[in-house]
Amino acid sequence: MIEVPTTAIELAKRFEGFHRVARADPSRAQPYICPAGYWTIGYGHLCEPKHPPITEGEAEYYLKRDLQTALAATLRYCPVLATEPEGRLAAIVDFTFNLGAGRLQTSTLRRRVNQRDWPAAGQELRRWVHGGGRILPGLFARREAEVTFLMAGAKTGI
């Protein structure tokens, strides 16, 4: 069984961040609405608005569980990634975690990955930077980081 690449965990943590709310308890994360309009807690875990605050350790647990789900979906839709360098797998797992398995399933990105057309896959990743009808700087930076790993097939580090 393939484990969630460390690079995917690092990417998700880097771009999701652990959102604390100082007015309540600065050691715990509170639910918040992400830029896409979803209630979220910790490192991008979808939740209900009344979810109780969580510690960073609990957020990491949720993240690892969510990334395992994203990994399973990524390998289901892009089986070629099972034999590619870890960085390529991490890039697409991070994309799937961020945007959902449904977006990967129906995307041209999926087709390009399965064709092992890495330059075209990188171009497809770069298309997924919009939110609310505009380019979001955070998504732009995240896609560029994913493209870097996809193109290099990097094994470790950010």
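Below, the figures for the structure above:
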quantity: Members of region 76-93 found to be part of a helix (DSSP H, G or I), charged (D, E, K, R) and within 18 Å of Q115 (Cβ to Cβ), listed by number; calculated: R76, R88
quantity: Residue in region 11-29 that is touching a residue at least 24 places away in the same chain (Cβ under 8 Å), over 22 Å from F149 (Cα atoms) and among the aromatic types (F, W, Y) present; calculated: yes
quantity: Failed item in (1) modelled with pLDDT of 95 or more; (2) surrounded by fewer than 20 Cβ atoms within 10 Å (Cβ to Cβ), with P52 passing the rest; calculated: (1)
quantity: Single residue of region 39-49 satisfying the filter (outside any strand (DSSP E or B) and touching a Pro at 6+ places or on another chain (Cβ under 8 Å)) that is surrounded by the most Cβ atoms within 10 Å (Cβ to Cβ); calculated: C47
quantity: Output for region 94-136, where each listed residue is among the basic types (K, R), more than 16 Å from the chain's Cα centre (by Cα) and assigned to a helix (DSSP H, G or I); calculated: R111, R112
quantity: Residue list for region 81-104, restricted to those being in contact (Cβ under 8 Å) with a residue 24 or more places away in the chain and loosely packed, with under 14 Cβ neighbours inside 10 Å; calculated: A82
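The values are calculated or read from the model by the stated rules, or taken from the named source; none is laboratory data. Everything quoted here is computed from the prediction, not taken from an experiment. Counting neighbours? That spans all protein chains shown, and the Cβs are built from the backbone with ideal geometry, glycine included.
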